[in-house]
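The values are calculated or read from the model by the stated rules, or taken from the named source; none is laboratory data. The shown structure was predicted, so the numbers you read here are calculated from the model rather than taken from an experiment. Methodologically, a virtual Cβ is constructed for each residue, glycine included, from the backbone with ideal geometry; neighbour enumeration extends over all protein chains shown. Accessible surface areas use protein heavy atoms only, side chains included; no ligands, DNA or RNA. Shrake-Rupley method; radii C 1.70, N 1.55, O 1.52, S 1.80 Å.
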Amino acid sequence: PIRLFLMWYRNKYAMFWFMLRRFVTIVAIVLTIVALVVLVLVGSLAWDLHWSLSNNISMVEELIVDKAKGRRHDSKEAQFNFPYDLGTARNWEEIMGRRWITWFLPVKFGGEAVWPTLCEGAGHFDLSVEQLAQKANKLARSISVQAVADFDSGETSRCFCRYWCGVGCRFGCNAYCCSAACCDRRLSLSAGSWALVSRRDGAWAHARLLEGGPQGVPVGPGGWVPEACFEDLASDERYEVPFQSLLQGHWIATGPAAIAGGGGDGGSQPVERKIRVHGPLVRVPFSRTPFALRAEVDSDTTDGADADADNGSSGSVSLLGGR
């Protein structure tokens, strides 16, 4: 390719076209283009890995952090701090090792695999707690609808083409326009059953079965169902745990002083604590951990009362409808 460019630049057009028609020249041009494409792809992958190492974050964790920023912005909470970002230099040492020779001969992992080093004020379960809070928030945005038609997921169908022809005849050609419903799991339901719809894609809706009516408990894994199987997907009836709408706002609860930040002999004396209920989530001033309302047999409580008073990193979150 370099010789061809020089011939064209020096106006040697006869020699240029003669060399261009040769088989060896054509192969060299094709291989050069392939090499450039591979260089761009591998270079972009190397840059992504460099960014991940510099921030000590994986792609899955990055997705959780992005969702956390949006959720906390909507609920007016403090921004989420990624617990494993120690700075560029420390991040490279944690992953690649302290000595430069281990960067080329990675015979030993530099950091702790089970309990990695955390930034100041972070906890080992911050990501897990935030992810559970996102799932609770997702359930709160879902709607409860009743099925008006039966649907078979086709798991027992022996003929793929016959099954999808039947789906197209029942629900129209739009049923073919959703790749997620074709590749992902589909949900079988019967007319009269209740389902919890979380999102829609074309003529399909992703749903989970509800046990106990429109405000019952979600059971089993979710799957795709044609929208025509449901009565009204434009309904504003959001899924809630019992008494969720009545619990919205600021409340004052009593608890041991050791939990609220006290200590010593006064730990057994109950003290007042302010809590804020926003949708399905509950915020406590002394803790960075989000809690979720949980439906129980006799009452509604918040799970995770053992939060640490110093950094608020411990505790747990239960999903809406969990028992």
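If only residues of region 220-236 that are among the hydrophobic types (A, V, I, L, M, F, W, C) and either at pLDDT below 85 or in contact with a Phe, Trp or Tyr (Cβ under 7 Å, 6 or more places away or on another chain) (or both) are counted, the one that is farthest from S188 (Cα to Cα) is A234.
Would you check if G87 is more than 14 Å from the chain's Cα centre (by Cα) and more than 30 Å from V241 (Cα to Cα)?
On the way: more than 14 Å from the chain's Cα centre (by Cα): yes; more than 30 Å from V241 (Cα to Cα): yes.
So G87 passes the test.
Of the listed requirements (1) more than 25 Å from the chain's Cα centre (by Cα); (2) of a type in the set (A, V, I, L, M); (3) modelled with pLDDT of 85 or more, A207 misses just one: (1). For region 36-62, a residue qualifies if it is closer than 22 Å to A113 by Cβ and of a type in the set (A, V, I, L, M), and the qualifying residues are L49, L53, I57, M59, V60.
Among the conditions (1) surrounded by fewer than 15 Cβ atoms within 10 Å (Cβ to Cβ); (2) touching a helix residue (DSSP H, G or I) at 6+ places or on another chain (Cβ under 9 Å); (3) of a type in the set (V, I, T), T102 misses just one, which is (1). The residue of region 63-83 that is modelled with the lowest pLDDT, among those that are within 30 Å of E112 (Cα to Cα) and open to solvent by 90 Å² or more (accessible area, probe 1.4 Å), is Q79.
For region 179-198, what are the residues that are open to solvent by 70 Å² or more (accessible area, probe 1.4 Å) and closer than 17 Å to D152 by Cβ? Write out each step before concluding.
Quick first cut of region 179-198, residues open to solvent by 70 Å² or more (accessible area, probe 1.4 Å) only: 179, 183-185.
Within region 179-198, D184, R185 meet the criteria.
A quick yes/no check of all residues on (1) of a type in the set (S, T, Y); (2) out of contact with any Cys (no Cβ under 8 Å at 6 or more places or on another chain):
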| position | (1), (2) |
| --- | --- |
| L139 | no, yes |
| S142 | yes, yes |
| F151 | no, no |
| T156 | yes, yes |
| Y163 | yes, yes |
| R170 | no, yes |
| A175 | no, yes |
| A180 | no, yes |
| L189 | no, no |
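Can you name the residue in region 199-228 that is among the small types (G, A, S) and in contact with a Cys (Cβ under 7 Å, 6 or more places away or on another chain) and, of all such residues, is most open to solvent (accessible area, probe 1.4 Å)? Don't jump to the end; show me each part of the working.
Taking region 199-228 first, the residues among the small types (G, A, S) are 202-203, 205, 207, 212-213, 216, 220, 222-223, 228.
Still in the running and in contact with a Cys (Cβ under 7 Å, 6 or more places away or on another chain): 202-203.
On the way: G202: 58, A203: 27 Å².
So the residue we want is G202.
A residue that is under 30 Å from R294 (Cβ atoms) and either open to solvent by 80 Å² or more (accessible area, probe 1.4 Å) or β-branched (V, I, T) (or both) cannot be found anywhere in region 153-170. Selection of region 54-83 for residues being of a type in the set (V, I, T) and part of a helix (DSSP H, G or I) yields V60, I64, V65.
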